[in-house]
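Encoded as C-alpha coordinates, the structure appears first; notes follow it.
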Amino acid sequence: MNLIVAVDRKYGIGKDNNLLARIPADMAYFKEKTTGKIIVMGSSTYMSFPKRPLPNRENLVLTTRPEEYPEVKCFPSVGEFFEYVRGNDDDVFVCGGSTVYLQLLPYCKKAYVTHIDEEFDADTFFPNLSELSNWEKVEESEAVESNGYKITFAVYENSDLRPMNV
Ligand SMILES: NC(=O)c1ccc[n+]([C@@H]2O[C@H](COP(=O)([O-])OP(=O)(O)OC[C@H]3O[C@@H](n4cnc5c(N)ncnc54)[C@H](OP(=O)(O)O)[C@@H]3O)[C@@H](O)[C@H]2O)c1
(Lines give C-alpha, C1' and ligand atoms only; values in the text may rest on other atoms or scores of the structure.)
Protein backbone atom coordinates (compact mmCIF):
# COMPACT_ATOMS: atom_id res chain seq x y z
CA MET A 1 0.00 0.00 0.00
CA ASN A 2 0.91 3.67 -0.16
CA LEU A 3 0.42 6.41 2.38
CA ILE A 4 -0.13 10.11 1.84
CA VAL A 5 0.10 12.83 4.48
CA ALA A 6 0.94 16.51 4.98
CA VAL A 7 3.04 17.35 8.04
CA ASP A 8 4.36 20.53 9.60
CA ARG A 9 7.89 20.96 11.01
CA LYS A 10 6.87 19.12 14.22
CA TYR A 11 5.00 16.39 12.32
CA GLY A 12 1.63 17.87 13.24
CA ILE A 13 -1.18 16.84 10.87
CA GLY A 14 -4.40 18.21 12.35
CA LYS A 15 -6.22 20.22 14.96
CA ASP A 16 -9.84 19.94 16.16
CA ASN A 17 -10.51 17.26 13.53
CA ASN A 18 -9.45 19.55 10.74
CA LEU A 19 -6.38 20.08 8.59
CA LEU A 20 -3.78 22.59 9.76
CA ALA A 21 -3.97 24.72 6.63
CA ARG A 22 -5.63 24.91 3.22
CA ILE A 23 -2.83 24.55 0.69
CA PRO A 24 -4.14 24.37 -2.88
CA ALA A 25 -0.89 22.89 -4.31
CA ASP A 26 -1.04 20.09 -1.74
CA MET A 27 -4.73 19.45 -2.42
CA ALA A 28 -3.89 19.19 -6.13
CA TYR A 29 -1.07 16.74 -5.33
CA PHE A 30 -3.41 14.62 -3.19
CA LYS A 31 -5.99 14.61 -5.99
CA GLU A 32 -3.39 13.68 -8.62
CA LYS A 33 -2.03 10.78 -6.55
CA THR A 34 -5.37 9.34 -5.39
CA THR A 35 -7.78 9.84 -8.30
CA GLY A 36 -8.84 6.49 -9.69
CA LYS A 37 -7.35 4.73 -6.66
CA ILE A 38 -8.65 3.35 -3.36
CA ILE A 39 -8.40 5.60 -0.30
CA VAL A 40 -8.76 4.29 3.24
CA MET A 41 -9.27 6.43 6.32
CA GLY A 42 -10.63 6.50 9.85
CA SER A 43 -14.16 7.75 10.47
CA SER A 44 -12.89 11.04 11.98
CA THR A 45 -10.94 11.92 8.86
CA TYR A 46 -13.88 10.90 6.68
CA MET A 47 -16.19 13.19 8.67
CA SER A 48 -13.69 16.05 8.36
CA PHE A 49 -14.19 16.21 4.59
CA PRO A 50 -16.52 19.08 3.68
CA LYS A 51 -17.93 16.97 0.81
CA ARG A 52 -17.93 13.21 1.12
CA PRO A 53 -17.24 10.69 -0.22
CA LEU A 54 -14.37 12.15 -2.26
CA PRO A 55 -15.24 11.80 -5.96
CA ASN A 56 -13.54 9.59 -8.56
CA ARG A 57 -11.88 7.21 -6.12
CA GLU A 58 -13.12 4.40 -3.91
CA ASN A 59 -13.56 5.63 -0.33
CA LEU A 60 -13.11 2.99 2.41
CA VAL A 61 -13.71 3.84 6.07
CA LEU A 62 -12.50 2.07 9.19
CA THR A 63 -15.19 2.33 11.86
CA THR A 64 -16.94 0.32 14.53
CA ARG A 65 -20.18 2.13 13.57
CA PRO A 66 -20.74 1.30 9.87
CA GLU A 67 -24.45 2.16 10.11
CA GLU A 68 -23.46 5.84 10.37
CA TYR A 69 -21.80 5.87 6.94
CA PRO A 70 -24.14 3.91 4.63
CA GLU A 71 -22.84 5.71 1.52
CA VAL A 72 -19.35 4.12 1.76
CA LYS A 73 -17.83 0.71 2.32
CA CYS A 74 -16.91 0.36 5.99
CA PHE A 75 -14.65 -2.06 7.85
CA PRO A 76 -14.81 -2.80 11.57
CA SER A 77 -11.23 -4.10 11.65
CA VAL A 78 -7.93 -3.90 9.81
CA GLY A 79 -8.15 -7.63 9.06
CA GLU A 80 -11.44 -7.27 7.19
CA PHE A 81 -10.06 -4.28 5.28
CA PHE A 82 -6.99 -6.35 4.27
CA GLU A 83 -9.24 -9.15 2.98
CA TYR A 84 -11.14 -6.65 0.83
CA VAL A 85 -8.09 -5.00 -0.81
CA ARG A 86 -5.94 -8.10 -1.14
CA GLY A 87 -4.45 -8.20 -4.66
CA ASN A 88 -5.16 -4.48 -5.21
CA ASP A 89 -2.95 -3.14 -2.48
CA ASP A 90 -0.68 -1.24 -4.92
CA ASP A 91 -3.69 0.99 -5.61
CA VAL A 92 -4.46 1.71 -1.96
CA PHE A 93 -3.59 5.07 -0.40
CA VAL A 94 -3.78 5.29 3.38
CA CYS A 95 -4.92 8.84 4.06
CA GLY A 96 -5.26 9.20 7.80
CA GLY A 97 -5.76 10.20 10.43
CA SER A 98 -3.22 9.55 13.09
CA THR A 99 -4.76 6.31 14.42
CA VAL A 100 -4.98 4.79 10.95
CA TYR A 101 -1.49 5.92 9.88
CA LEU A 102 -0.02 4.28 12.98
CA GLN A 103 -1.84 0.98 12.39
CA LEU A 104 -1.15 0.75 8.66
CA LEU A 105 2.35 2.27 8.35
CA PRO A 106 4.19 -1.12 8.57
CA TYR A 107 2.16 -2.38 5.58
CA CYS A 108 2.96 0.61 3.36
CA LYS A 109 5.75 0.45 0.80
CA LYS A 110 5.76 4.15 -0.10
CA ALA A 111 4.86 7.27 1.82
CA TYR A 112 4.14 10.54 0.01
CA VAL A 113 4.85 13.21 2.61
CA THR A 114 4.20 16.89 2.02
CA HIS A 115 6.44 18.90 4.33
CA ILE A 116 4.95 22.26 5.29
CA ASP A 117 7.60 24.70 6.47
CA GLU A 118 5.51 26.01 9.41
CA GLU A 119 4.83 25.17 13.05
CA PHE A 120 1.14 24.98 13.80
CA ASP A 121 -0.66 24.39 17.09
CA ALA A 122 -1.51 20.78 16.19
CA ASP A 123 -3.24 18.13 18.33
CA THR A 124 -2.68 15.17 15.99
CA PHE A 125 0.67 13.87 14.75
CA PHE A 126 2.43 11.56 12.28
CA PRO A 127 5.76 9.81 12.99
CA ASN A 128 9.00 11.33 11.70
CA LEU A 129 9.97 8.69 9.14
CA SER A 130 13.58 9.92 9.10
CA GLU A 131 13.89 8.53 12.64
CA LEU A 132 12.71 5.04 11.65
CA SER A 133 15.53 2.82 10.41
CA ASN A 134 13.42 1.04 7.78
CA TRP A 135 12.20 4.23 6.08
CA GLU A 136 14.38 6.15 3.62
CA LYS A 137 13.70 9.38 1.75
CA VAL A 138 14.13 8.61 -1.95
CA GLU A 139 12.85 11.83 -3.53
CA GLU A 140 12.16 15.42 -2.56
CA SER A 141 10.90 18.20 -4.80
CA GLU A 142 12.06 21.79 -4.90
CA ALA A 143 10.15 24.03 -2.51
CA VAL A 144 6.95 25.52 -3.89
CA GLU A 145 4.82 28.28 -2.43
CA SER A 146 1.05 27.96 -2.17
CA ASN A 147 -1.37 30.19 -0.27
CA GLY A 148 1.60 31.74 1.53
CA TYR A 149 3.04 28.38 2.67
CA LYS A 150 6.36 26.89 1.59
CA ILE A 151 6.04 23.16 0.95
CA THR A 152 8.06 20.28 -0.50
CA PHE A 153 6.85 16.89 -1.71
CA ALA A 154 8.94 13.98 -0.43
CA VAL A 155 8.70 10.25 -1.11
CA TYR A 156 9.90 7.69 1.44
CA GLU A 157 10.30 3.94 0.98
CA ASN A 158 9.93 1.16 3.52
CA SER A 159 12.60 -1.58 3.36
CA ASP A 160 10.82 -3.78 5.91
CA LEU A 161 7.33 -4.22 4.48
CA ARG A 162 5.07 -6.31 6.73
CA PRO A 163 2.84 -8.86 4.94
CA MET A 164 -0.84 -7.96 5.01
CA ASN A 165 -2.14 -10.57 7.39
CA VAL A 166 -3.21 -10.00 10.98
N1 LIG B 1 -2.40 16.34 7.36
C2 LIG B 1 -2.91 15.26 6.80
O3 LIG B 1 -2.42 14.80 5.78
C4 LIG B 1 -4.09 14.59 7.41
C5 LIG B 1 -4.67 13.48 6.79
C6 LIG B 1 -5.75 12.86 7.40
C7 LIG B 1 -6.25 13.35 8.59
N8 LIG B 1 -5.68 14.43 9.15
C9 LIG B 1 -6.18 14.95 10.44
O10 LIG B 1 -6.12 13.92 11.42
C11 LIG B 1 -7.15 14.15 12.38
C12 LIG B 1 -8.00 12.92 12.54
O13 LIG B 1 -7.18 11.83 12.96
P14 LIG B 1 -7.56 10.89 14.20
O15 LIG B 1 -6.40 10.06 14.50
O16 LIG B 1 -8.16 11.75 15.27
O17 LIG B 1 -8.79 10.04 13.65
P18 LIG B 1 -8.93 8.96 12.44
O19 LIG B 1 -7.76 8.05 12.46
O20 LIG B 1 -9.25 9.68 11.17
O21 LIG B 1 -10.26 8.19 12.88
C22 LIG B 1 -10.32 7.50 14.10
C23 LIG B 1 -11.53 6.57 14.04
O24 LIG B 1 -11.33 5.59 13.04
C25 LIG B 1 -11.92 4.37 13.43
N26 LIG B 1 -10.91 3.33 13.48
C27 LIG B 1 -9.55 3.48 13.57
N28 LIG B 1 -8.95 2.30 13.56
C29 LIG B 1 -9.93 1.36 13.46
C30 LIG B 1 -9.93 -0.06 13.39
N31 LIG B 1 -8.78 -0.78 13.44
N32 LIG B 1 -11.11 -0.71 13.29
C33 LIG B 1 -12.26 0.00 13.24
N34 LIG B 1 -12.33 1.34 13.30
C35 LIG B 1 -11.17 2.00 13.41
C36 LIG B 1 -12.58 4.62 14.77
O37 LIG B 1 -13.87 5.06 14.40
P38 LIG B 1 -15.27 4.80 15.19
O39 LIG B 1 -15.13 5.65 16.43
O40 LIG B 1 -16.26 5.31 14.20
O41 LIG B 1 -15.36 3.34 15.48
C42 LIG B 1 -11.76 5.77 15.32
O43 LIG B 1 -12.47 6.54 16.28
C44 LIG B 1 -7.93 15.36 11.87
O45 LIG B 1 -7.43 16.54 12.48
C46 LIG B 1 -7.63 15.36 10.39
O47 LIG B 1 -7.79 16.63 9.79
C48 LIG B 1 -4.62 15.06 8.59
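The values are calculated or read from the model by the stated rules, or taken from the named source; none is laboratory data. Quantities reported herein were computed from a predicted structural model and do not represent experimental measurements. When we count neighbours, we look across all protein chains shown, and the Cβ atoms used for this are built from the backbone with ideal geometry, even at glycine.
List of remarks:
- Of the residues in the range 125-135, at least one is touching an Asp or Glu at 6+ places or on another chain (Cβ under 9 Å), under 27 Å from L62 (Cα atoms) and in a strand (DSSP E or B).
- Residue in the range 56-65 that is more than 10 Å from the ligand (Cβ to nearest atom), polar (S, T, N, Q) and within 15 Å of the chain's Cα centre (by Cα) present: yes
- Restricting T99, T64 to residues that are touching a Gly at 6+ places or on another chain (Cβ under 8 Å), at pLDDT 95 or above and among the hydroxyl-bearing types (S, T, Y) narrows the list to T99.
- Exactly one residue out of I4, I23 is among the hydrophobic types (A, V, I, L, M, F, W, C), within 11 Å of the ligand (Cβ to nearest atom), touching a Lys or Arg at 6+ places or on another chain (Cβ under 8 Å) and touching a residue at least 60 places away in the same chain (Cβ under 8 Å): that is I4.
- V144 vs. criteria among the β-branched types (V, I, T) and out of contact with any Asp or Glu (no Cβ under 7 Å at 6 or more places or on another chain): yes
- Screening K109, K150 for residues that are more than 23 Å from I39 (Cα to Cα), of a type in the set (K, R) and touching a residue at least 12 places away in the same chain (Cβ under 8 Å) leaves exactly one candidate, K150.
- Flag if V92 is near the ligand (Cβ under 10 Å from one of its atoms), within 19 Å of I4 (Cβ to Cβ) and surrounded by 14 or more Cβ atoms within 10 Å (Cβ to Cβ): no
- Residue, surrounded by the fewest Cβ atoms within 10 Å (Cβ to Cβ), within the range 136-166, restricted to residues that are of a type outside the set (S, T, Y) and touching a Pro at 6+ places or on another chain (Cβ under 9 Å): D160
- Residue ID - farthest from the ligand (Cβ to nearest atom), chosen from residues in the range 73-83 that are closer than 17 Å to G96 by Cβ and touching a helix residue (DSSP H, G or I) at 6+ places or on another chain (Cβ under 7 Å): C74
- Failed item in (1) loosely packed, with under 14 Cβ neighbours inside 10 Å; (2) modelled with pLDDT of 95 or more, with L104 passing the rest: (1)
- Of all residues in the range 120-147, those that are in contact (Cβ under 8 Å) with a residue 40 or more places away in the chain and farther than 17 Å from R22 by Cβ total 5.
- Condition met for R9 (more than 9 Å from the ligand (Cβ to nearest atom) and free of Cβ contacts under 8 Å to residues at least 60 places away in the same chain): no
- Flag if L161 is away from the ligand (no atom under 11 Å from the Cβ), touching a residue at least 12 places away in the same chain (Cβ under 8 Å), in a loop (DSSP other than H, G, I, E, B) and of a type in the set (A, V, I, L, M, F, W, C): yes
- Qualifying residue in the range 125-144 (condition: on the phi < 0 side of the Ramachandran plot, within 16 Å of the ligand (Cβ to nearest atom) and of a type in the set (S, T, Y)): no
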